[in-house]
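Here the structure comes first, spelled out in structure tokens, and everything after it is commentary.
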Amino acid sequence: MPIECSVYWARPGDARPEHRRMFTGAELARATAYRRAIDTARFVVGCALSRLALGELLSLPPGDVPLLRDCADCGQPHGRPRLADDSAHVSVSHSGEHVVVAVTRAAPLGVDIEQHKPQSVDLAEAVLTETEQAGFSALPKTERVAGFFRYWTRKEAVLKATGDGLRVPMTAIEVSAPHSPAALLRFDGRPTLRLRLADLSVDAEHSAAIAVETTDPPTMTHVDGRVLLAAVS
Ligand SMILES: CC(C)(COP(=O)(O)OP(=O)(O)OC[C@H]1O[C@@H](n2cnc3c(N)ncnc32)[C@H](O)[C@@H]1OP(=O)(O)O)[C@@H](O)C(=O)NCCC(=O)NCCS
């Protein structure tokens, strides 16, 4: 049976002081620790939207969602957000003018959004496998920046679904070429991993992808998170 995922969209400018009322002490500390206002806003919106989305999914008030953020390696309050009872799964990403949160009851998932930055294509040799580099080089010059971020977001979505993050080199993963349907082709050392990838539509300046640990194509429901955030009192 296909897994149902909900993808919530918002913007850093949607952050409001009222959102912090649903935060834990650790989340409040994170919110106040950033130097740049934009990073605070991205965290606040991602955190509040995670609580609102999970609250809808689990029929809980957002402040009661048992969301943990302590790192499995060092115990610090960063890393992959997770639920204490594994009753649902969540992934958060923010870049440029977008914040995206994906939730499902069924399986671990990872979402990634990236604003296109032309200088990032200089990283192509470091982050793309030989096959991916060949696919990248075959793109017309005008499509290289968007193509690079198609590769990047597909790969990072996989690494967020598994919880590895960038501790695993991006070259350990091979994904399909930008004009082919999104797919994980190889993950070194994880031959049994079964995972579905999909691109998410954003705009001309951003790319995004979602990865879900499942064998069947998941269904995606897109939700305007700005409405939920604006309704918090
Ligand atoms: C996760 C990571 C790939 C995100 O990179 P990014 O493109 O800069 O940021 P994004 O906006 O896409 O994602 C950030 C979100 O990913 C989530 N996240 C963090 N670590 C994660 C992990 N290992 N797996 C899945 N999600 C993770 C968090 O929700 C974070 O947002 P928040 O802190 O505001 O809640 C990168 O930060 C990373 O690899 N971090 C792990 C590094 C690490 O584990 N170091 C060891 C510490 S002891």
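Numbers for the structure displayed
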| item | result |
| --- | --- |
| Selection count, region 40-97, where residues are under 18 Å from the mean Cα position of the chain (by Cα), more than 6 Å from the ligand (Cβ to nearest atom) and β-branched (Val, Ile, Thr) | 4 |
| Search result, residues across region 129-168 that are basic (Lys, Arg) and within 11 Å of the ligand (Cβ to nearest atom) | Lys155, Lys160, Arg167 |
| So Gln133, is it without any contact (Cβ under 8 Å) to a residue 12 or more places away in the chain and assigned by TED's automatic domain parsing to the domain that holds Ala209 | yes |
| Whichever residue in region 153-197 is out of contact with any strand residue (DSSP E or B) (no Cβ under 6 Å at 6 or more places or on another chain) and of a type in the set (D, E, K, R) and, among such residues, is most open to solvent (accessible area, probe 1.4 Å) | Arg167 |
| Some residue of region 99-115 being closer than 22 Å to Pro181 by Cα, open to solvent by 30 Å² or more (accessible area, probe 1.4 Å) and more than 16 Å from the ligand (Cβ to nearest atom) | no |
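The values are calculated or read from the model by the stated rules, or taken from the named source; none is laboratory data. Since the model is a prediction, treat every value here as computed from it, not as a measurement. Virtual Cβ from ideal backbone geometry, glycine too; neighbours counted across all protein chains shown. These accessible areas exclude ligands, DNA and RNA; they are computed on the full protein's heavy atoms, side chains included. Shrake-Rupley method; radii C 1.70, N 1.55, O 1.52, S 1.80 Å.
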